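Following: one structure in structure tokens, then a few remarks.
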Amino acid sequence: MQQAILALIDRLGGGVSFVELGQSIAGFAGERDCLLNAHLIVWQGVSEAAITALNALQHSRQIVFLPCTALVYVIDGKTLRLPIAKRRDHPYQRPAWYPVTLSTPAQLVAHTSPLQQARRTGRGLADAPRPS
């Protein structure tokens, strides 16, 4: 499962949503919630094997979760029916969705084009940083 996740992230160039993971990797979808903490949900409907693989990849620093706008998931065709969390470190009292995409650390450094920055951060192209 870890190799399939890394291969998809590499093939798509980073910024991979959980929708794309579920559609492309056999066995990724399941009945569990992928959590950052007790009330901060990254995605619902993930298998135990996928959660184990994601945890291992994060622990070994082969992937990073990057906050993104919910529009990424709207474009991919699926969102969660939860309030959207704006801050990762806020102590939410009820379950909230914290939308993220997955990239490798190398891809994070390489994301310098205005379009990629706009998709990842939710800012408009006019606000995106310009390459030097």
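Summary table
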read-out: Leading residue by the ranking (farthest from V16 (Cα to Cα)) among those in the stretch 53-78 that are part of a loop (DSSP other than H, G, I, E, B) and over 12 Å from the mean Cα position of the chain (by Cα); value: S60
read-out: Condition check for A7: surrounded by 18 or more Cβ atoms within 10 Å (Cβ to Cβ) and either under 12 Å from the mean Cα position of the chain (by Cα) or assigned to a helix (DSSP H, G or I) (or both); value: no
read-out: Hey, G13 at positive phi and either in contact with a Lys or Arg (Cβ under 6 Å, 6 or more places away or on another chain) or at pLDDT below 95 (or both) or not; value: yes
read-out: Residue selected from the stretch 26-49 under the condition small (G, A, S) and over 17 Å from Q2 (Cβ atoms), by the criterion modelled with the lowest pLDDT; value: A38
read-out: Selection count where residues are among the hydroxyl-bearing types (S, T, Y) and closer than 14 Å to L102 by Cα, scope the stretch 25-59; value: 0
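The values are calculated or read from the model by the stated rules, or taken from the named source; none is laboratory data. Note that the structure is predicted; figures quoted are calculated from it, not measured. Methodologically, a virtual Cβ is constructed for each residue, glycine included, from the backbone with ideal geometry; neighbour enumeration extends over all protein chains shown.
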